[in-house]
1. Taking the options 163, 93, name whichever one is under 28 Å from residue 58 (Cα atoms), modelled with pLDDT of 95 or more and touching a helix residue (DSSP H, G or I) at 6+ places or on another chain (Cβ under 6 Å).
2. Output yes when any residue across region 63-70 is part of a loop (DSSP other than H, G, I, E, B) and either buried (at least 17 other Cβ atoms within 10 Å of the Cβ) or over 16 Å from the mean Cα position of the chain (by Cα) (or both), and no when none is.
3. Just to be sure, is residue 85 surrounded by 15 or more Cβ atoms within 10 Å (Cβ to Cβ) and either within 13 Å of ligand 1 (Cβ to nearest atom) or modelled with pLDDT under 95 (or both)?
4. Kindly indicate whether residue 87 is on the phi > 0 side of the Ramachandran plot and touching a helix residue (DSSP H, G or I) at 6+ places or on another chain (Cβ under 7 Å).
5. Within region 51-61, identify whether any single residue is modelled with pLDDT of 95 or more, surrounded by fewer than 23 Cβ atoms within 10 Å (Cβ to Cβ), away from ligand 2 (no atom under 16 Å from the Cβ) and in a strand (DSSP E or B), and answer yes or no.
6. Which one of these does residue 157 not meet: (1) within 16 Å of ligand 2 (Cβ to nearest atom); (2) in contact with a helix residue (DSSP H, G or I) (Cβ under 7 Å, 6 or more places away or on another chain)?
7. Can you tell me which of (1) more than 12 Å from the chain's Cα centre (by Cα); (2) closer than 23 Å to residue 83 by Cα is the one residue 155 doesn't meet?
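The values are calculated or read from the model by the stated rules, or taken from the named source; none is laboratory data. Source: prediction; values computed, not measured. Neighbour counts are summed over all protein chains in view; Cβ atoms, including those assigned to glycine, are modelled from backbone coordinates with ideal geometry.
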Ligand SMILES: Nc1ncnc2c1ncn2[C@@H]1O[C@H](COP(=O)(O)OP(=O)(O)OP(=O)(O)O)[C@@H](O)[C@H]1O
Ligand SMILES: [Mg+2]
């Protein structure tokens, strides 16, 4: 793995919900062209962090920079236009629309709208199964297909960085395998990927670099292939020194 520059930098981020502090001095460096994963149990602050990157939550302090431009606190639509998109937890599809209509909705922002035919084509070439079903209502899709559509919707915004929040949750192992195969293809197509996972082994297997979060803090980080799985699991479960 050669060294590349960072595309997204999170510096000393603190986020509160009212009086409750959900993130404490979180810093991360997402390298361009890599798959980076964030591992953490329920409530460790993963979604809060991603929502803050996307401008959905506002940070109390700290900064988020995309290609050296400060995007912290910016409007979500502006962040998407600048090249960061998220497939949110639980997917984000419009049930009453067809697959094609869902994708066209994904390309609604001006920068993508002009190239919508090309971008929808790009999404369909990455997800040929969706092309076959393009005229079907999204409500008829299986859990795995929904997750694929949610990722495809992110792709039609033409992102540099694609963020996926728990794309494998509740899916059968064989489907999860397919989804991670797609993530690899998306990454090979030039997109930087930031993933959130609850499963330690899977997360380390499918990423280049990992951050482990416990109770709103980053407690461990490293090259995924070099992180000892047992130690990551101990951190994850809040055992001994990480509790
Ligand atoms: N809108 C909110 N208002 C108040 N507290 C919140 C809100 N959203 C999240 N929290 C709290 O912030 C903490 C972090 O939650 P968050 O959803 O970011 O965790 P997570 O790591 O994504 O968890 P999960 O794996 O369950 O998705 C939790 O204690 C949660 O209860
Ligand atoms: Mg979450």
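1. On the way: 93 fails: modelled with pLDDT of 95 or more.
Among 163, 93, only 163 is under 28 Å from residue 58 (Cα atoms), modelled with pLDDT of 95 or more and touching a helix residue (DSSP H, G or I) at 6+ places or on another chain (Cβ under 6 Å).
2. Step one: of region 63-70, the residues part of a loop (DSSP other than H, G, I, E, B) are 67-68.
Retained after the next criterion (residues that are either buried (at least 17 other Cβ atoms within 10 Å of the Cβ) or over 16 Å from the mean Cα position of the chain (by Cα) (or both)): 67-68.
The answer is yes; a qualifying residue exists.
3. Details: surrounded by 15 or more Cβ atoms within 10 Å (Cβ to Cβ): yes; either within 13 Å of ligand 1 (Cβ to nearest atom) or modelled with pLDDT under 95 (or both): no.
No; evaluated as a whole, the condition is false for this residue.
4. Numbers: on the phi > 0 side of the Ramachandran plot: no; touching a helix residue (DSSP H, G or I) at 6+ places or on another chain (Cβ under 7 Å): yes.
Spelling it out, it is not the case that residue 87 is on the phi > 0 side of the Ramachandran plot and touching a helix residue (DSSP H, G or I) at 6+ places or on another chain (Cβ under 7 Å).
5. Yes, region 51-61 has at least one match.
6. Going through (1) within 16 Å of ligand 2 (Cβ to nearest atom); (2) in contact with a helix residue (DSSP H, G or I) (Cβ under 7 Å, 6 or more places away or on another chain) one by one, residue 157 breaks only (1).
7. (1)
Condition check ((1) part of a helix (DSSP H, G or I); (2) within 21 Å of the chain's Cα centre (by Cα); (3) under 18 Å from residue 82 (Cα atoms)) across all residues:
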| position | (1), (2), (3) |
| --- | --- |
| 96 | no, no, no |
| 100 | yes, no, no |
| 125 | yes, yes, no |
| 129 | yes, no, no |
| 134 | no, no, no |
| 146 | yes, yes, no |
| 169 | no, yes, no |
| 183 | yes, yes, no |
